[in-house]
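The values are calculated or read from the model by the stated rules, or taken from the named source; none is laboratory data. Treat the numbers as computed from the prediction; the structure is a model and nothing was measured. Quick reminder, even Gly has a Cβ in these numbers, built from the backbone with ideal geometry, and neighbours come from all protein chains shown.
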Amino acid sequence: MLLWQELAYFNPEVKLAQARVGVIGLGLMGGGMARTLQRKGYDLTVFDASPAAAERLVRLGAKAAGSPRELAQKVDFVFTVLPDGPQVEEVILGPDGVLAGAHPGTFVADSSTIDPAVSEQVRRSVCGAGYRMIDCSLNRSPKEAEEGTLIFMVGASPEDFAVVHPLLQAMGTDIFHCGGPGAGITMKVINNILTQSLLAADCEALVLGAKAGLDVDLMLKVLTSTNADNGPLHNAVPNQVVAGNYAPGFKAVHALKDMGLAHTLAARLGVPLFTLGPIRQLLSAALGRGKGELTSAVIATVLEELAGVSLVRKKTR
């Protein structure tokens, strides 16, 4: 056990000032996490398939690695923030991956949203080689990734959670230890099912109300004052749907992938999910219209098109 690990094990609140940290995957969320770590003074090394994404961090003082293998050779902690399971497998287990460059004390923390079964397979390979790995799925927006106010849902042994907790606190304000390995990523899938279900229901209700002649702002005031109130009515609906602004955040293509993960998990466990099918169809329709790279709230435009109404607030002079 290295010195920083010993300190963290005996005092989970210690700042791991001596730990070298790497981030692989510098998109909207991973890039924000990396910039937060950089701002807070951590010895940071980064890698992304796009050299330009890494270069933005280098200009702020981070070091760039030429591959996941090279990054792992230079750091103690490796955070991965990747689109899906195949990328996680390649980056961690591939011939030029993290495991190929790991050294005694290497600790892998995967923040990607992937099939929990795939996560477990990767973890077994990492731990079987003598290293440590947890899943620490994240939530909230790119803005909050930049600000260091993310939520982390962690699946780890108590010992591993104690080690990584101070680093997660550097990037987030709400850290939930959901259980053993795989529990964090499973919690993220459950969270995303409910979030997308609420968003779809909100958009359907508002489209129906608009078709019936109700004012959108009036509907929002009423709905947020009753038992119908929910998170998307305060965030995605006013800031994206009503504003007509679907600039990339949590992309529709990623939401569709996550609904597929929920379907796979439910099938594996024999649990029916009656609302999941229509949500997947709405997201598929958005992708079919070329809107997959926009935020998942863009499903509202599919419903608006079918009903012949608009929820976008009319601008006043």
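Where strands (runs of 3 or more DSSP E) fall wholly inside the stretch 46-163, the ranges with 1 or more residues that are over 29 Å from M259 (Cα atoms), aromatic (F, W, Y) and touching a Leu at 6+ places or on another chain (Cβ under 7 Å) are 77-80.
Within the stretch 29-53, if we keep just the residues that are more than 16 Å from the chain's Cα centre (by Cα) and aliphatic (A, V, I, L, M), the residue that is surrounded by the most Cβ atoms within 10 Å (Cβ to Cβ) turns out to be V46. Within this structure, L273 passes the test of being out of contact with any Gly (no Cβ under 8 Å at 6 or more places or on another chain), under 17 Å from I190 (Cβ atoms), in contact (Cβ under 8 Å) with a residue 60 or more places away in the chain and in a loop (DSSP other than H, G, I, E, B).
Rundown of residues vs (1) aliphatic (A, V, I, L, M); (2) surrounded by 20 or more Cβ atoms within 10 Å (Cβ to Cβ), yes/no style:
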position: L150; (1), (2): yes, yes
position: P158; (1), (2): no, no
position: M171; (1), (2): yes, yes
position: L206; (1), (2): yes, yes
position: A212; (1), (2): yes, no
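Taking each residue of the stretch 286-299 that is more than 11 Å from A247 (Cα to Cα) and looking for partners that are in a loop (DSSP other than H, G, I, E, B) and of a type outside the set (D, E, K, R) with beta-carbon atoms closer than 8 Å, six or more apart or interchain, yields A286/G292; A286/L294. Is it fair to say S111 is among the hydroxyl-bearing types (S, T, Y), within 23 Å of R268 (Cβ to Cβ) and not assigned by TED's automatic domain parsing to the domain that holds G260? In short, yes. Taking each residue of the stretch 134-146 that is more than 12 Å from S111 (Cα to Cα) and looking for partners that are basic (K, R) and modelled with pLDDT of 95 or more with beta-carbon atoms closer than 7 Å, six or more apart or interchain, yields E146/R35.
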